[in-house]
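Asks: Can you keep this structure in mind? I'll have questions shortly.
The values are calculated or read from the model by the stated rules, or taken from the named source; none is laboratory data. Note that the coordinates shown come from a computational prediction; the quantities given were computed from them, not determined experimentally. Don't worry about glycine lacking a Cβ; one is built from the backbone with ideal geometry, like all the others, and counts go over all protein chains shown.
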Amino acid sequence: MSRKIFILILGGTPEAYDLTIKLQLKFTCLYSLAGVAPTRRPPPANHRIGGFGGVEGLIDFLRETGVTHLIDGTHPFATTMTYHARVACDALDIPRLIFQRPAWIPSLEDRWIHRRTVEEAAMSFPAAGNRPFLALGRRDADIFARIPGLSPILRLIQGEAPSPNWTLVHGRGPFTAMEETTLLDRLGADSLVCKNSGGSSGAAKLDAARTLGLPILMIDRPPLESGPVTADPSGIEGWIGGQGVAQE
Ligand SMILES: NC(=O)c1ccc[n+]([C@@H]2O[C@H](COP(=O)([O-])OP(=O)(O)OC[C@H]3O[C@@H](n4cnc5c(N)ncnc54)[C@H](OP(=O)(O)O)[C@@H]3O)[C@@H](O)[C@H]2O)c1
């Protein structure tokens, strides 16, 4: 008798959410969120919120719930969760797929300065300017607070800026290229700092920087964990059924 399929989807991205909504029509799925940020849409009916308690906690969870497949749809920079998922699935021999949107690629008009980490991007200032627009979360933005003489612009969904010298903007995307251009221009940004998250919803800020001729300090994606990776949801049912996926 074949085992009932039970898929754990590690979420945190709109793509993982959309995939869950589609897969739950055919399979038993559980959508998992870290619970660090408010969600834009109500989570799928079958969901859980909160960390697992490291690799050991995740191994226990997978064992106790009888998960048969794990799809890692976390953000490309959520490296800890992705590492834990790899180790736990390897230990239990559970098939695991990384579902990740493609990275952005610069066009000829773009002025990208590649940086490997947020720390490296922060160290580029003040040489790179003194009024960067930080398209980063609060935890990452805090690193810039260590650089003297900066007056960054920080956009957050909620929360406060690390220092009174900063300009804080509250907002939640997606934004249009026109909105982003107007904002960066009005606030006098002299550069943009962002992670290479990929996807269409955050790409308007790149359009704005291009229009305004601003350099972009682009934090490149961390190296991927081993194993199959896809950006294409259409092949995932085949993967669940034991076929391979087209690699990115
Ligand atoms: N990093 C970014 O730039 C970014 C941007 C947008 C969205 N996100 C999303 O926000 C969440 C947290 O990101 P992060 O950078 O803090 O990740 P992280 O550093 O890789 O993970 C930190 C811890 O958060 C818990 N966690 C992360 N994703 C989880 C999930 N989907 N379900 C249950 N627990 C989860 C795990 O706790 P335990 O060890 O206790 O299991 C993990 O060890 C992720 O789901 C990610 O997709 C991240």
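Asks: Please determine, by comparing only the residues of the range 1-32 that are without any contact (Cβ under 8 Å) to a residue 60 or more places away in the chain and over 16 Å from Pro43 (Cα atoms), which one is farthest from the ligand (Cβ to nearest atom).
Replies: The qualifying residue farthest from the ligand (Cβ to nearest atom) is Met1.
Asks: Against the condition buried (at least 18 other Cβ atoms within 10 Å of the Cβ), within 16 Å of the ligand (Cβ to nearest atom) and farther than 26 Å from Phe99 by Cβ, how does Arg155 come out, does it pass?
Replies: yes
Asks: Given Ser151, Ser197, Ser201, which one is on the phi < 0 side of the Ramachandran plot, polar (S, T, N, Q) and touching a Gly at 6+ places or on another chain (Cβ under 8 Å)?
Replies: Answer to the selection: Ser201.
Asks: Given the criteria in the same structural domain as Ala16 (by TED's automatic domain parsing) and of a type in the set (Ser, Thr, Tyr), does Thr167 qualify?
Replies: Against the criterion (in the same structural domain as Ala16 (by TED's automatic domain parsing) and of a type in the set (Ser, Thr, Tyr)), Thr167 does not qualify.
Asks: Being modelled with pLDDT of 95 or more and either surrounded by 14 or more Cβ atoms within 10 Å (Cβ to Cβ) or farther than 24 Å from Arg40 by Cα (or both) is the filter here; which residues of the range 170-181 pass it?
Replies: Listed by number, the residues that qualify are Phe175, Ala177, Glu179, Glu180, Thr181.
Asks: What are the pairs with Cβ atoms under 9 angstrom where one residue, in the range 64-84, is at positive phi and more than 11 Å from the ligand (Cβ to nearest atom) and the other, located anywhere, is not polar (S, T, N, Q) and not in a loop (DSSP other than H, G, I, E, B)? Sequence gap at least six, or different chains.
Replies: Gly66/Phe6
Asks: Those residues that are within 7 Å of the ligand (Cβ to nearest atom) and not aromatic (Phe, Trp, Tyr), I need them from the range 35-63; list them, please.
Replies: Correct list: Val36, Ala37, Gly50, Gly51, Gly53, Gly54, Gly57, Leu58.
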